[in-house]
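> My questions all concern the structure below.
The values are calculated or read from the model by the stated rules, or taken from the named source; none is laboratory data. Because the structure is predicted, anything quoted here is derived from the model rather than measured. Counting neighbours? That spans all protein chains shown, and the Cβs are built from the backbone with ideal geometry, glycine included. These area figures cover heavy atoms from the full protein model, side chains too; ligands, DNA and RNA do not enter into them. Shrake-Rupley method; radii C 1.70, N 1.55, O 1.52, S 1.80 Å.
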Amino acid sequence: MKYLKDLTVKAVEHPHKKYVLLKLTDHEPLPEMAPGQFVEVKVEGSERTFLRRPISINYVDRENNELWLLIQTVGDGTRKLATLKEGDKLNLLFPLGNGFSDVGKEGEEVLLIGGGVGVAPLLEYGKWLKERGAKPTFLLGARSKADLLELELFRQFGEVFITTEDGSEGEKGFVTQHSVLSNRSFDRISVCGPKPMMVAVAKYAKKNNVKCEVSLENMMACGLGACLCCVEKTVKGNVCVCKEGPVFDVNLLSWDI
Amino acid sequence: MADIRTNIAGLAMKNPVMTASGTFGYGMEFADVVNLEEIGGIIVKGTTLHPREGNDYPRMAETASGMLNCVGLQNKGVDYFCQNIYPEIKDLKTNVIVNVSGSSPEDYAECARRIDELENILAIELNISCPNVKQGGMAFGVTCEGARTVVEAVRKAYHKTLIVKLSPNVTSIADIAKAVEDAGADAVSLINTLMGMAIDIERRRPKLSISTGGLSGPAVKPVAVRCVWQVAKAVKIPVVGLGGIMNAEDAIEFLMAGASAIEIGTANFIDPSVSEKVAQGVNDWLDKHGCKSVKEIIGVI
Ligand SMILES: Cc1cc2nc3c(=O)[nH]c(=O)nc-3n(C[C@H](O)[C@H](O)[C@H](O)COP(=O)(O)OP(=O)(O)OC[C@H]3O[C@@H](n4cnc5c(N)ncnc54)[C@H](O)[C@@H]3O)c2cc1C
Ligand SMILES: Cc1cc2nc3c(=O)[nH]c(=O)nc-3n(C[C@H](O)[C@H](O)[C@H](O)COP(=O)(O)O)c2cc1C
Ligand code: FES
């Protein structure tokens, strides 16, 4: 079931000047949402933001009835979202998309790789995996130490490995160069981040014969599978990322890996 | 409570609000957030005789108060529609209208003939105005001769209400409308998207995969209102108006310009429940202005 609702901004945090964490709540319990699903937010008062903006479900705090959105400010729409204040309303169409295909089995070793703001959906996913007895490990990449987000929260759910491009934290380089990939083996991998990073991880997974899921960020208009703007080429032809994704098994995609 | 029923060449509608092709899927996609039966009609995605993959990604670019798209009529073909989609939507208590496209008059006619056989589909909207396909599409809609040829072919194959959707990318839309009326159309709908283009200056390349696309949304509304007004003056058949409608006031503008019904497209992306709200809003506006029926305002300009 999808909902169109005005949620209330309960808290706004600025972990870094380029990011905002919105904690939203409602007067009734928030609907069911699965990790990897996303919301389409309506941005009010930004002249150049006409369409809704797709944002991943970062975390659902059931105890406090909160839905968290972790947003990187890249343009007018996201910058406007960063100016929201406690008590403001935000109109959401949600939850959308398929989410990660497998929410975890007892003892399973799952590697979650995130780059930049692509770490957002992995927090909720890590929580689900841990709750189901699986063992999530996080490999998070960022440009530099200051761009690493929610580290303490990730550590609640599993071990965290880090790479930064400038070497200011963890290993220097890109996630695919991290030693954990050669030292340890995992039952499967899920990855969300910039496309070149996801392609590199997909290549690694293919070479090592590990199941790998990626979460895509194609440009969207409706978010409902109606406009056919967000398509990705797959073995089944063009499919809508907003409806049949955003999470795909890399083997279904027509990527050159 | 004003009487907001309307009709398009005999096709009865509970209210003048329909959803535009390509922006509302097959209706089901929106069922969680809008009451489909409160909408006057649902015009489903462009359907062709054979399946089409559409154009490559990227297919969309946001613009000032609007968007460009070059989806290119991706659909699974008319047989898939008849077998798999029609059964899901045929019992909806609203008008389900199929938008038909093709690359030759024969294709259009055959596609229309197959839809003619579907009992609960009482009308088609013939798309001779899609700017995003190489063959057919808008090519037929930009000359009187091309438009007449396709409409004549389809008229022979299709026996229910035939609405023909016109392109604004022409010198005189009223002339095309008259040609289509002569060829046997029961009604016209307008406008389809305006051909446009946007460039990513950092990458020095067009934002859309096929360079150009169709502009829609509030940015096109004044052009659309002008087209509806000119066409309504030129033909005797009913006119369905669309292009940039976001709310009930916009809808009333089109009705006053001469539209017997309206369609809502891009606005569904911003508020997926907008169609239901516009239907209610038209009613409220009429009540507030002491009009007993929507017919009192249609074509008053
Ligand atoms: C399923 C999905 C989940 C997402 N989750 C998150 C999230 O949790 N947090 C977050 O910060 N962002 C997320 N994004 C990306 C986010 O939607 C875009 O950054 C946002 O739409 C940009 O809007 P804007 O108005 O600020 O920028 P615009 O002015 O629209 O664009 C500014 C720049 O951002 C780029 N951009 C625009 N849209 C996208 C996009 N969809 N993907 C990548 N780059 C884009 C443009 O190319 C442009 O260079 C997600 C996208 C998708 C499709
Ligand atoms: C993403 C998208 C897909 C569309 N697909 C079709 C289509 O398949 N057939 C058609 O006749 N019109 C199609 N259109 C055009 C719309 O039905 C409508 O004519 C146009 O968008 C103008 O109305 P609007 O401004 O309310 O959107 C499409 C428009 C958009 C934005
Ligand atoms: S965004 Fe419209 S189909 Fe995916």
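> Among the residues of the range A:205-226 satisfying the criterion of being within 14 Å of chain B (Cβ to nearest Cβ) and free of Cβ contacts under 8 Å to residues at least 12 places away in the same chain, which is farthest from ligand 2 (Cβ to nearest atom)?
A:219
> Here's a check for you: in the range A:40-63, which residue that is aliphatic (A, V, I, L, M) and away from every other protein chain (no Cβ under 13 Å) is surrounded by the most Cβ atoms within 10 Å (Cβ to Cβ)?
That would be A:57.
> Here is a follow-up. Are any of the residues in the range A:177-191 under 21 Å from residue A:98 (Cβ atoms) and either within 10 Å of ligand 3 (Cβ to nearest atom) or free of Cβ contacts under 8 Å to residues at least 60 places away in the same chain (or both)?
no
> I would also like to ask the following. What's the total number of residues in the range B:45-66 that are in a loop (DSSP other than H, G, I, E, B), at the interface with chain A (Cβ under 8 Å from one of its Cβ atoms) and open to solvent by less than 50 Å² (accessible area, probe 1.4 Å)?
Residues that pass the stated criteria total 3.
> Give the range B:190-246 a look and list any residue that's away from ligand 2 (no atom under 15 Å from the Cβ), closer than 25 Å to residue B:10 by Cα and in a loop (DSSP other than H, G, I, E, B), or say none.
B:235, B:236, B:237, B:238
> Determine whether the range A:227-241 contains at least one residue that is within 16 Å of ligand 2 (Cβ to nearest atom) and charged (D, E, K, R).
no
> Which one of these is exposed (fewer than 15 other Cβ atoms within 10 Å of the Cβ) and in a loop (DSSP other than H, G, I, E, B): A:167, A:225?
One residue alone meets the criteria, A:167.
> Only residues that are under 21 Å from residue B:9 (Cβ atoms) and open to solvent by 10 Å² or more (accessible area, probe 1.4 Å): list them for the range B:97-126, please.
Correct list: B:109, B:113, B:116, B:117, B:118, B:119, B:120, B:122.
> Among A:22, A:51, which is at pLDDT 95 or above, within 16 Å of ligand 2 (Cβ to nearest atom) and under 27 Å from residue A:1 (Cβ atoms)?
Just a single option satisfies the conditions, and that option is A:51.
> Follow-up question, since we're still on this one. Go through the range B:256-288 and give me each residue that's among the aromatic types (Phe, Trp, Tyr) and within 14 Å of chain A (Cβ to nearest Cβ).
Listed by number, the list holds a single entry, B:269.
> Criterion first (under 26 Å from residue B:184 (Cβ atoms), away from ligand 1 (no atom under 16 Å from the Cβ) and either away from chain A (no Cβ under 14 Å) or in contact (Cβ under 8 Å) with a residue 40 or more places away in the chain (or both)) does residue B:120 satisfy it?
Yes.
> I need the strands (runs of 3 or more DSSP E) fully contained in the range A:69-149, keeping only those with at least 3 residues that are more than 16 Å from ligand 3 (Cβ to nearest atom), more than 27 Å from residue B:273 (Cβ to Cβ) and touching a residue at least 60 places away in the same chain (Cβ under 8 Å).
Ranges flagged: A:109-115.
> From the list A:105, A:127, A:145, A:85, pick out the single residue that is open to solvent by 30 Å² or more (accessible area, probe 1.4 Å) and at pLDDT 95 or above.
Step by step, each of A:105, A:127, A:145, A:85 is checked, and only A:85 is open to solvent by 30 Å² or more (accessible area, probe 1.4 Å) and at pLDDT 95 or above.
> Among the residues of the range A:228-249, are any within 22 Å of residue A:21 (Cα to Cα) and within 16 Å of ligand 3 (Cβ to nearest atom)?
yes
> Residues that are farther than 26 Å from residue B:276 by Cα and touching a residue at least 24 places away in the same chain (Cβ under 8 Å), at least 1 per element: which strands (runs of 3 or more DSSP E) completely within the range A:1-57 meet that?
By residue number, A:3-16, A:19-25, A:53-56.
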